[in-house]
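In what follows, a structure is listed as structure tokens, so that the remarks can point back to it.
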Amino acid sequence: MDADILIELTALSVIRPTPGASAEAMAAWYEAQARQYEYNALRAGPDAALDSARAARAHQRSLQLLRAATRVSAAEEFPSRAS
């Protein structure tokens, strides 16, 4: 196993967001997880297809979190002017 992979795996466990973490922190963690799964998929082992699917799901979750955070931020910055 490459030293970089050990660093990535350690980082994933150490930086795992805690309850109440910001959407940006959670998105960064999911994106790091996606990179790890992509690496595993490229190694073409028996779980390559599964790792590729996991990478896609982790990346999608990261994007969902960022989009939701952007919507919340915009709503806070520009509240509707309902009278």
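Just one of the listed residues (38, 8) is in contact with a helix residue (DSSP H, G or I) (Cβ under 8 Å, 6 or more places away or on another chain) and either free of Cβ contacts under 8 Å to residues at least 24 places away in the same chain or of a type in the set (A, V, I, L, M) (or both), namely 38.
Scanning segment 40-52 for residues that are hydrophobic (A, V, I, L, M, F, W, C) and open to solvent by 70 Å² or more (accessible area, probe 1.4 Å) turns up 42, 44, 49, 50.
Only residues that are in contact (Cβ under 8 Å) with a residue 24 or more places away in the chain and in contact with a helix residue (DSSP H, G or I) (Cβ under 7 Å, 6 or more places away or on another chain) were counted in segment 15-28, giving 4. Considering segment 1-39, the residues that are of a type in the set (A, V, I, L, M) and either open to solvent by 80 Å² or more (accessible area, probe 1.4 Å) or not in a helix (DSSP H, G or I) (or both) include one that is nearest to residue 71 (Cα to Cα), namely 21. Can you name the residue in segment 53-76 that is open to solvent by 50 Å² or more (accessible area, probe 1.4 Å) and among the hydroxyl-bearing types (Ser, Thr, Tyr) and is also modelled with the highest pLDDT among such residues? Within segment 53-76, the match that is modelled with the highest pLDDT is 70.
The values are calculated or read from the model by the stated rules, or taken from the named source; none is laboratory data. If you're wondering where the values come from, they're calculated on a predicted model, not measured in any experiment. We place every Cβ from the backbone using ideal geometry, glycine too, and count neighbours over all the protein chains shown. Each accessible area value is taken on the protein alone, full model and side chains, heavy atoms only, with ligands, DNA and RNA left out. Shrake-Rupley method; radii C 1.70, N 1.55, O 1.52, S 1.80 Å.
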